[in-house]
Amino acid sequence: TAAMMVVLEKDQKEAAETKKVVQKEEEETQVIMDDAAEIRALCQADLDKAMPAFYSAMDALKSLNKKDIDEIKAFASPPEKVRLTLDAVLHLLKEKPGWDQ
């Protein structure tokens, strides 16, 4: 039984050391989780601000028809805001920006 006590004490020391390591890792992990939660909350707040504009733009896009597109094509030199908007759309579509497209 003395040998078993030695083994038991050794196992208890190892368990205590492992417990310390695990607790430290839990604390470090909690810090990372807290940071991630904060970043998520900031991103969600930004997304909540942006989504109404996105939905509005999608609704406006659904209202476009061929006549609207033909009207824009008829401009020899479109207004700067129209050119800027179309360049942004072409950029999002990974197309070369420019009125000549």
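What are the lysines whose alpha-carbon lies under 17 Å from the alpha-carbon of K96, with same-chain residues fewer than 8 places away excluded?
Answer for K96, where 17 Å is the Cα cut-off: K73, listed by chain and number.
Rounded to the nearest 500 deg cm²/dmol, what is the calculated helix-only ellipticity per residue at 222 nm for the chain, with -39500 (n - 2.57) per DSSP H run of length n ≥ 4?
Estimated from H runs of four or more residues: -29000 deg cm²/dmol.
When the accessible area of region 37-101 is split by element with a 1.4 Å probe, what percent falls to carbon and sulfur?
Carbon-and-sulfur percentage of accessible area, whole number: 63.
Given axes a ≥ b ≥ c from the Cα gyration tensor, I'd like to know whether the chain is rounded (a/c under 1.5), prolate (a/b larger than b/c) or oblate.
Cα axes put the chain in the prolate bin.
Which value, in debye to the nearest 20, describes the size of the charge dipole of the chain about its Cα centre when Lys and Arg Cβ atoms bear +1, Asp and Glu Cβ atoms bear -1, and nothing else is charged?
Working: 15 positive and 21 negative charges, 115 e Å.
In total the dipole reaches around 560 debye.
Nearest 0.05, what FRET efficiency do D46 and Q12 give at R0 = 35 Å with Cβ-Cβ as r?
For D46 and Q12, the calculated efficiency is 0.10.
What distance in nm separates the simple spin-label points at Y55 and D34, each placed 7 Å from Cα in the Cβ direction?
Spacing of the two 7 Å Cα→Cβ label points: 3.5 nm.
The values are calculated or read from the model by the stated rules, or taken from the named source; none is laboratory data. Model, not experiment: these values are computed from the prediction. For neighbour counting, all protein chains shown are included, and Cβ atoms are generated from backbone atoms with ideal geometry for every residue, glycine included. Ligands, DNA and RNA are stripped out before the accessible areas are found, and what is left, the full protein with its side chains, is counted by its heavy atoms. Shrake-Rupley method; radii C 1.70, N 1.55, O 1.52, S 1.80 Å.
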